[in-house]
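This report refers to the structure that appears directly beneath it.
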């Protein structure tokens with residue numbers, strides 16, 4: 001027969017078990033490794049700056065798309081409006097650009113996904129902050145054009161469209177690759193990402 005004292009003892013025991021269980025689960029859920037190497041901290045800060053900058057631009061232009069706000073704004077001055085207009089887009093835009101360039105570009109046409117804009121901004125902004133583009137030694141020969149250009153360190157999502165013998169656009173595909181680019185003086189002592197000249 002269960003007495004009042006037995007019931008009270010069971011309830012106490014159950015509440016202690018629950019408390020221990022909750023304590024264990026809360027302690028395990030908050031435990032994680034954080035990379036505190038100086039370069040990792042610097043990269044996190046740069047990414048945060050890039051994301052905050054783009055969010056601020058979007059807020060300024062009433063929540064418009066990233067591409068539209070970057071084209072309209074002078075705030076993100078390390079990426080030219082020409083680059084965002086001619087070298088970035090979604091799959092549909094990339095296909096349209098490929099059709100427009102049919103016959104003018106041998107082999108295939110490449111367009112960077114607009115979703116990569118904040119990551120590209122972070123990489124180019126980081127390079128610009130250390131004077132990377134001002135050093136001629138940082139240029140490499142682009143085998144496609146034969147020109148001395150810069151090459152991204154990171155790989156990005158890129159839409160690739162090839163052409164048939166009649167210059168008709170074939171079905172596109174998504175690839176991940178580094179790309180060659182030109183950076184030109186911005187008139188204020190710095191450089192801006194200006195032109196995309198093929199994948200690495």
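The values are calculated or read from the model by the stated rules, or taken from the named source; none is laboratory data. None of these values were measured; they are calculated from a predicted model. Cβ coordinates were reconstructed from backbone atoms using ideal geometry, including for glycine residues, and neighbour counts include every protein chain displayed.
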Is it the case that residue 153 is touching a residue at least 12 places away in the same chain (Cβ under 8 Å), loosely packed, with under 14 Cβ neighbours inside 10 Å and closer than 20 Å to residue 174 by Cα?
yes
For the stretch 98-119, enumerate the residues that are in contact (Cβ under 8 Å) with a residue 24 or more places away in the chain, over 22 Å from residue 78 (Cβ atoms) and touching a strand residue (DSSP E or B) at 6+ places or on another chain (Cβ under 7 Å).
98, 99, 102, 107, 108, 109
Filter the stretch 179-200 for residues that are loosely packed, with under 15 Cβ neighbours inside 10 Å and not in a loop (DSSP other than H, G, I, E, B); which is farthest from the chain's Cα centre (by Cα)?
185
Which residue pairs have Cβ atoms closer than 7 Å, lie 6 or more positions apart in sequence or on different chains, and pair a first residue in the stretch 159-180 that is touching a residue at least 40 places away in the same chain (Cβ under 8 Å) and on the phi < 0 side of the Ramachandran plot with a second residue that is part of a loop (DSSP other than H, G, I, E, B) and surrounded by fewer than 13 Cβ atoms within 10 Å (Cβ to Cβ)?
161/170; 162/107; 162/170; 163/170
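Can you find a residue in the stretch 102-117 that is part of a loop (DSSP other than H, G, I, E, B) and either within 24 Å of residue 189 (Cα to Cα) or modelled with pLDDT of 95 or more (or both)?
No; the residues of the stretch 102-117 include none that is part of a loop (DSSP other than H, G, I, E, B) and either within 24 Å of residue 189 (Cα to Cα) or modelled with pLDDT of 95 or more (or both).
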Which condition does residue 143 not pass, out of (1) surrounded by 12 or more Cβ atoms within 10 Å (Cβ to Cβ); (2) modelled with pLDDT of 90 or more, if it passes all the others?
(1)
Is one or more of the residues making up the stretch 134-145 under 26 Å from residue 105 (Cα atoms), in contact with a helix residue (DSSP H, G or I) (Cβ under 7 Å, 6 or more places away or on another chain) and not in a loop (DSSP other than H, G, I, E, B)?
no
Residues of the stretch 156-178 being touching a helix residue (DSSP H, G or I) at 6+ places or on another chain (Cβ under 9 Å) and surrounded by 13 or more Cβ atoms within 10 Å (Cβ to Cβ), in sequence order, are 156, 157, 158, 159, 160, 161, 162, 163, 169, 172
Only one of (1) more than 15 Å from residue 184 (Cα to Cα); (2) surrounded by 19 or more Cβ atoms within 10 Å (Cβ to Cβ); (3) at pLDDT below 90 is not met by residue 128, so which one is it?
(1)
